[in-house]
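Data first, discussion second: the structure below is written as structure tokens.
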Amino acid sequence: MKLRLLTLFIIPLVLFSISCTSADEPRDDFPLDLESLDSVEFWDGRFSADELHPKSELVPHPEVPSEDPEVKSFGDLPEDIPMPLAFLGQFLQKLPAVSDDRELNFFASNNDSFHAASLNDSTLLFLDHHSNGLHHYYLHKDESELLAPEGRGPGDLFFTREMQFQNNTAYIAMEGGRVSLFNCGNIPCEYEETVMTDFNHYSVAPSGQNLLVLGIPPYMGPDDPDAENTNQNVVHQLDESGEVLNSFSSVYEHRSPLVRIQFTMGGKIRSFEDHDIYAKTHRSLPYLYLYNSDFELTAKYLIPDFMPGYYLHSDSGPGAGSALPKNSNITHFEKMESGWLLIQIRDQVTTELGGNTSRTYRYFAFNVSDHTLYNIGEETFDDADLSRSVYLTDHGLIINEQGTLYWHDL
């Protein structure tokens with residue numbers, strides 16, 4: 001009897017000890033899959049695990065553990081969701097309410113180097129940042145008009161990274177320290193001004209009378225003379241002249257500028273001043289960061305089922321590149337009306353070295369007020385070369401199938 005009582009006492013004690021240990025240990029948001037790495041040709045033992053990125057201790061706010069957001073389904077969306085988001089859900093769920101598509105007389109560089117907005121129900125605005133061109137597209141005439149060509153003069157575009165459209169103004173973020181504004185109060189849009197800064201801009205967000213940009217100084221430029229400087233922030237609040245008012249959110253803290261650029265380029269910043277929220281993502285990190293108007297972190301959410309695509313970097317060995325045949329990227333992060341975000345995740349899986357690559361686009365709607373994430377649908381393509389990406393505008397959907405565009409009216 002004594003032995004049985006002792007056993008009954010020990011088992012709960014062990015279970016209690018295990019549960020306490022698990023609760024105290026932070027989870028690993030970047031589990032390393034060495035078996036997958038061994039299947040990659042250029043891995044081949046030439047890198048050590050220390051040379052794989054990202055690492056939890058180097059990402060922005062490493063001291064803050066990530067949280068799982070509350071995730072709901074498309075059917076749980078509230079009735080007051082913005083119409084374009086509801087329409088996208090209907091399209092992805094293949095519901096009959098969606099209009100027939102219409103092929104446009106315009107070819108974009110690819111699925112992901114493209115940005116779009118609608119000015120009204122007959123006029124669209126396209127930015128193709130591979131060709132550095134800003135275009136009107138007139139639906140009633142099925143023709144396009146080049147508004148801003150590639151170049152370095154006033155109103156020209158070069159090294160474009162993103163377009164945001166708000167209050168009849170198009171904001172175009174560029175590397176080389178430029179954000180150009182185009183006034184679209186009348187059609188066609190007209191070049192208004194260029195705000196100059198000391199950063200390579202990867203994202204821009206109008207915020208009241210100010211601008212937010214996500215970017216870092218050019219490598220080894222006058223504002224980044226120390227190649228190993230990690231004491232930098234990536235989000236900057238600017239006044240109308242481009243003067244920096246505040247900076248926040250640390251850079252990926254690695255001594256190599258190549259690694260820092262890898263985890264800054266493709267980042268996105270959005271401003272919801274009516275909700276006292278700034279939202280930020282990085283293309284290859286699995287987080288949604290939220291900040292308040294005092295630039296304090298208020299939430300760090302882990303995006304569901306995100307597959308980190310490890311980046312290899314060696315100071316002495318061969319070059320760098322993606323290491324895993326499975327990887328995810330945040331490819332769209334768009335502000336919608338009434339405090340909503342559209343998040344698009346692109347998942348890629350390569351079955352074997354040199355083999356077929358499949359691609360899945362997952363779409364989520366995030367409510368910045370209650371922090372609920374809605375899974376509104378996905379599309380999977382067995383061949384990445386046949387994949388397509390969906391873009392939202394106020395007046396309809398644009399389907400980009402490897403550069404061929406299709407329009408769906410709301």
* Modelled label-to-label distance, Glu103 and Tyr138, 7 Å Cα→beta-carbon offset: nm? -> 2.3
* Give, as ranges by residue number, the residues of the stretch 267-282 whose backbone N falls under 19 Å from the point 7 Å along Cα→Cβ of Thr372. => 275
* Asked: Can you run phi through the Karplus equation (6.51, -1.76, 1.60; θ = phi - 60°) for the stretch 176-184 and list ³J(HN,Hα) in whole Hz, with x for Gly and Pro?
  -> x, x, 10, 10, 9, 10, 10, 7, 10
* If the chain between Tyr406 and Leu146 were fully stretched, how many nm would it gain, using 0.36 nm times the residue separation less the Cα-Cα distance? -> 91.7 nm
* **Ranked list, fewest to most other Cβ atoms within 10 Å of each Cβ, for Glu379, Glu243, Glu57** => Glu57, Glu243, Glu379
* Given a Förster distance of 22 angstrom, what is the FRET efficiency for Glu79 paired with Thr331, based on the Cβ-Cβ distance and rounded to 0.05? -> 0.20
* Asked: Label points 7 Å out from Cα along the Cβ direction at Asn229 and Glu193: separation in nm?
  -> 2.7
* Return the long-range amide H neighbours of Ala148 (sequence gap of 5 or more, or a different chain), with a cut-off of under 5 Å between placed amide H atoms. => Leu134
* Exposure proxy ranking, count of Cβ atoms within 10 Å, fewest first, for Ser56, Ser113 -> Ser56, Ser113
* Length released on extending from Thr357 to Thr298, taking residue separation times 0.36 nm less the Cα-Cα span -> 17.5 nm
* Structure fact -> The simple spin-label model distance between Val71 and Thr169, using points 7 Å out along Cα→Cβ, in nm, is 3.8
* To do: For every other residue with a beta carbon closer than 14 angstrom to the beta carbon of Glu240, add +1 if it is Lys or Arg and -1 if Asp or Glu, then tell me the sum.
  => -4
* What residues qualify as long-range amide H neighbours of Tyr287, i.e. H under 5 Å apart, gap of 5 or more or another chain, H built at 1.01 Å from N? -> His282, Ile303
* **Additional length obtainable on full extension of the chain from Asn110 to Gln93, 0.36 nm per residue less Cα span** => 3.7 nm
* Work out from phi, with θ = phi - 60° and the Karplus expression 6.51 cos²θ - 1.76 cosθ + 1.60, the ³J(HN,Hα) of each residue of the stretch 151-160, listed in order in whole Hz, and give x for Gly and Pro. => x, 10, x, x, x, 7, 10, 8, 6, 5
* Using modelled backbone amide H atoms (1.01 Å from N, in-plane), which distant-in-sequence or interchain residues come within less than 5 Å of Phe158's amide H? -> Gly151
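Computed from the coordinates by the stated procedures, all read-outs in this text should not be read as laboratory data. None of these values were measured; they are calculated from a predicted model. Virtual Cβ from ideal backbone geometry, glycine too; neighbours counted across all protein chains shown.
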